[in-house]
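The values are calculated or read from the model by the stated rules, or taken from the named source; none is laboratory data. Computed from a predicted structure; not experimentally measured. Positions of Cβ are backbone-derived with ideal geometry, glycine not excepted, and every protein chain shown enters the neighbour counts. Quick note on the areas: whole protein, heavy atoms, side chains included, nothing else; ligands and nucleic acids left out. Shrake-Rupley method; radii C 1.70, N 1.55, O 1.52, S 1.80 Å.
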Amino acid sequence: RSPLSTIGLNLQLVLEESRATETPRDKRTQKRLATVEAEVRRLQKILEEFLGFARAPEPKFAPIDLNARLQAVVEFHEPELREQGISLRSFPSLEVGRISADWDHLQAAIVNLLRNAKDATPAGGEVLVSTSRDKDHVTIRVTDTGAGMTPEVQARVFEPYFSTKRAGTGLGLPTVRRVVEEHGGTLTVQSDVGQGSQFSLRLPAGREEGGS
């Protein structure tokens, strides 16, 4: 990451110094430098996702109020989706209560699903975050009214490096699945083309690991 950071920093400095240029040649140079700087940022993102997938730290479990944590995530991301004409709502179940989890890991997984839902949903659509409890398990569902997926895409969606996005790394959903499995749970998807998708994270309701 250090070489890319150094390249990106120096490109930003050069771009700042060249903003006052007036000649057509200088403007062409500035445009090319801006393109290179954007590609460096994209490479940094790819590298960060790869390192996150390959070198994830061991989870540290602690009791959390799942509904409260999810509500905070929804409230944080709601304005961003609203700007794109997408409604983000939550439907928590009062039966969920507290579970033991590594919230840093679990939150990153939920945010990844929210971003995917946002990208798949056109203006006027909805993204829903809900929770439920079934005996010894709780389920978090992220549902969108977006484009949906074909059966062929659904069959491969959790494969590392498989992506339908032009600039996607194909590591987001495999990372989400690994986080869920770290928690002793399962991740499934239901989707219909033109109807949207629903990702379900089913987690144990009462783990013993971790402290307070």
Residue by residue through the stretch 15-20, the couplings from Karplus 6.51 cos²θ - 1.76 cosθ + 1.60 with θ = phi - 60°, in Hz, x for Gly and Pro, are 4, 5, 6, 9, 5, 8
Taking 0.36 nm per residue of separation between Val111 and Glu95 and subtracting their Cα-Cα distance, the length gained on full extension comes to 3.5 nm
So for the stretch 144-202, using the alpha carbon gyration tensor with a ≥ b ≥ c as root eigenvalues (a/c under 1.5 gives rounded; past that, a/b versus b/c decides prolate or oblate), I'd call it oblate
The chain accessible area per residue, 1.4 Å probe, protein heavy atoms, integer Å², reads 60
Carbon/sulfur accessible area of the chain, % of total, 1.4 Å probe, equals 51
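Relative contact order for the stretch 101-212: what percent, with Cα pairs under 8 Å and sequence separation of 6 or more?
Averaging sequence separation for qualifying contacts and normalising by length gives 30 percent for the stretch 101-212.
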As a percent rounded to 5, the proportion of antiparallel DSSP bridges among beta bridges in the chain is 85
At R0 = 30 Å the Cβ-Cβ FRET efficiency linking Gln84 and Asp134, nearest 0.05, sits at 0.35
Largest fluctuation, Val96, Val193, Val142 only, Gaussian network model of the chain with Cα springs under 10 angstrom, belongs to Val193
Between the alpha carbon centres of the stretch 78-138 and the stretch 30-49 the gap in Å comes to 30
Tilt, helix 172-182 to longest principal axis of the chain (alpha-carbon atoms), in degrees rounded to tens, equals 30
For Arg177, the accessible surface traced by a 1.4 Å probe with all protein chains present amounts, in square angstrom to the nearest 10, to 90
GNM of the chain, Cα pairs under 10 angstrom: of Thr29, Thr164, Thr150, the biggest fluctuation goes to Thr29
Per the rule of 0.36 nm per residue minus the C-alpha distance, extending Tyr161 to Gln71 adds in nm 29.3 nm
Relative to the chain, whose Cα atoms define the longest principal axis, helix 66-83 and its Cα axis are tilted in degrees, nearest 10, by 40
Mean projected area, convex hull of alpha-carbon positions in the chain, reported to one decimal in nm², is 14.7
Helix 103-120 sits off the longest principal axis of the Cα atoms of the chain, rounded to the nearest 10 on a 0 to 90 degree scale, by 70
Largest fluctuation, Leu13, Leu66, Leu114 only, Gaussian network model of the chain with Cα springs under 10 angstrom, belongs to Leu13
Once normalised by the length of the stretch 15-129, the mean sequence separation of its alpha carbon contacts under 8 Å that are 6 or more apart gives a contact order in percent of 27
Note on the chain: contact order normalised by length, alpha-carbon pairs under 8 Å, 6 or more apart, percent, works out to 20
